[in-house]
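Enquirer: My questions all concern the structure below.
The values are calculated or read from the model by the stated rules, or taken from the named source; none is laboratory data. Please read all numbers here as calculations on a predicted model, not as lab measurements. Because the Cβ atoms are built from the backbone with ideal geometry, glycine has one as well, and the counts that use them run over all protein chains shown.
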Amino acid sequence: MRLPRPHPGMLFGSGKVEELGARIESEDIDLVLIDGAVTPVQQRNLEKAWKIKLLDRTGLILEIFADRAATREGVLQVDLAALSYQRTRLVRAWTHLERQRGGLGFVGGPGETQIEADRRAIDEQMTKLRRQLDKVVKTRELHRAARAKVPYPVVALVGYTNAGKSTLFNRLTGAEVMAKDMLFATLDPTMRAVDLPHGLRVILSDTVGFISDLPTQLVAAFRATLEEVLDADLIVHVRDISHPETEAQAEDVETILEQLGTDAAIPRIEMWNKADALPAEAQATAGNLAARRDDVYLGSALTGQGLDALLDRIADELTETLSDLDLFLPFADGRARAWLHEEGVVREEAQTEEGPRLSVRWTARQAARFAAAFPDRAPAGLVPPRDAPERDTSDDPWTP
């Protein structure tokens, strides 16, 4: 139903509340879902009037997330989001808000209200969860740093929830990530190495699915997980082309990617998935539309249709991101040589009378990091990023 103006206390008008209450009672309904935001006061009043449990959009998504979370990180993220949501709803959880504890006469003051005590307990629990999540984030950063030393490009699968990302991930990697026809089957990112055409090896990342109007609590809690997308060298946007709202879903995904701060320079490819679920005529129409665009591939992760062309395109895109270069370093510049070997980008090394000559293969990001760390050794044309910190060479014995 469309509301011209939400009622501040009940969301609906009194007549509509009575009408819905009668239907709820006659049909023995136990749960009411409202597709939108409901204030704590509205939720309390409606539950009191209808004598049932009520969930708004955020509450429902949190319930689903809590049911799907499997790993320690997923559980922590869901718990943090749920506590953040619950903190604003203590007005609903307690009917004795006026009760006070503590205080003797006028010496101890009026004491602490129950809602204040509960809010303080939630704040303490949220602080503990954030500390535990910080450790998880540091571990993820270490893994990311370790992957950065291996010159394998990262391909991130993103898309609306239930678009088929995990099915595609399993088919390409041979993994057994849970892939079911349900919302948010994947909450924890999974990464696997995959060999593509042209002998190229990449790291494929399966990420949590997006949804329209993603609650802010969830965006904040799952930021550490979604940051895998920010470090990707290529983004594959998986779309359920058989869904009637596929265009709106695609817009929601792009909006969330923008909110995350995804670099617009990262190349993107669209995989129009579930083509096998389309009628023959609709599949032909989708094929014609995809053929007109250079960045779209129609196929099915379930049957394997169209995946060869997609893999060829991914390989072509990422082969362009890897470049070969010959570097000459004087014997005295051992630090730069050690850096290149630690990154694993050295393919061959030959010794000359003046110093080693190294043949390197690296990504654009590795080249930029080398230029930032050793500007005096970077070849012409390698410019460090604008936000890269300047290297302090005041006490560097290798700086000429």
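Enquirer: In region 297-341, what residues are in contact (Cβ under 8 Å) with a residue 24 or more places away in the chain, buried (at least 16 other Cβ atoms within 10 Å of the Cβ) and either within 16 Å of Q351 (Cβ to Cβ) or of a type in the set (G, A, S) (or both)?
Expert: G299, S300, A301, G306, A315, L327, L329, D333, A336, L340
Enquirer: Also, I was wondering about something else. Inside region 1-27, can you point out the residues that are touching a Phe, Trp or Tyr at 6+ places or on another chain (Cβ under 9 Å) and exposed (fewer than 11 other Cβ atoms within 10 Å of the Cβ)?
Expert: M1
Per-residue answers, yes or no, for (1) part of a helix (DSSP H, G or I); (2) within 21 Å of L168 (Cα to Cα); (3) assigned by TED's automatic domain parsing to the domain that holds L307:
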site: I235; (1), (2), (3): no, yes, yes
site: V238; (1), (2), (3): no, yes, yes
site: H243; (1), (2), (3): no, yes, yes
site: E258; (1), (2), (3): yes, no, yes
site: A290; (1), (2), (3): yes, yes, yes
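Enquirer: Also: Looking at D326, is it modelled with pLDDT of 85 or more and either under 30 Å from H237 (Cβ atoms) or in a strand (DSSP E or B) (or both)?
Expert: Numbers: modelled with pLDDT of 85 or more: yes; either under 30 Å from H237 (Cβ atoms) or in a strand (DSSP E or B) (or both): yes.
Yes, satisfied.
Enquirer: Any residue at all in region 146-159 that's outside the structural domain of T363 (by TED's automatic domain parsing), buried (at least 19 other Cβ atoms within 10 Å of the Cβ), among the small types (G, A, S) and modelled with pLDDT of 70 or more?
Expert: Yes: region 146-159 contains one or more residues that are outside the structural domain of T363 (by TED's automatic domain parsing), buried (at least 19 other Cβ atoms within 10 Å of the Cβ), among the small types (G, A, S) and modelled with pLDDT of 70 or more.
Enquirer: Can A193 be described as at pLDDT 65 or above, within 26 Å of R72 (Cα to Cα), of a type in the set (G, A, S) and not in a helix (DSSP H, G or I)? Give the derivation first.
Expert: On the way: at pLDDT 65 or above: yes; within 26 Å of R72 (Cα to Cα): yes; of a type in the set (G, A, S): yes; not in a helix (DSSP H, G or I): yes.
Yes.
Enquirer: Only one of L33, L76, L60 is touching a residue at least 12 places away in the same chain (Cβ under 8 Å), out of contact with any helix residue (DSSP H, G or I) (no Cβ under 7 Å at 6 or more places or on another chain) and of a type in the set (A, V, I, L, M, F, W, C); which? Even if it seems obvious, please write down each step before you answer.
Expert: On the way: L33 fails: out of contact with any helix residue (DSSP H, G or I) (no Cβ under 7 Å at 6 or more places or on another chain); L76 fails: out of contact with any helix residue (DSSP H, G or I) (no Cβ under 7 Å at 6 or more places or on another chain).
Criteria check complete, one pass: L60.
Enquirer: So, T88, is that one among the hydroxyl-bearing types (S, T, Y), surrounded by 17 or more Cβ atoms within 10 Å (Cβ to Cβ) and in contact with a helix residue (DSSP H, G or I) (Cβ under 8 Å, 6 or more places away or on another chain) or not?
Expert: Answer is no for this residue.
Enquirer: Still on this structure, please answer the following. So for region 273-287 (the condition being within 21 Å of T167 (Cβ to Cβ), assigned to a helix (DSSP H, G or I), without any contact (Cβ under 8 Å) to a residue 60 or more places away in the chain and among the charged types (D, E, K, R)), does at least one residue qualify?
Expert: Yes - at least one qualifying residue is present in region 273-287.
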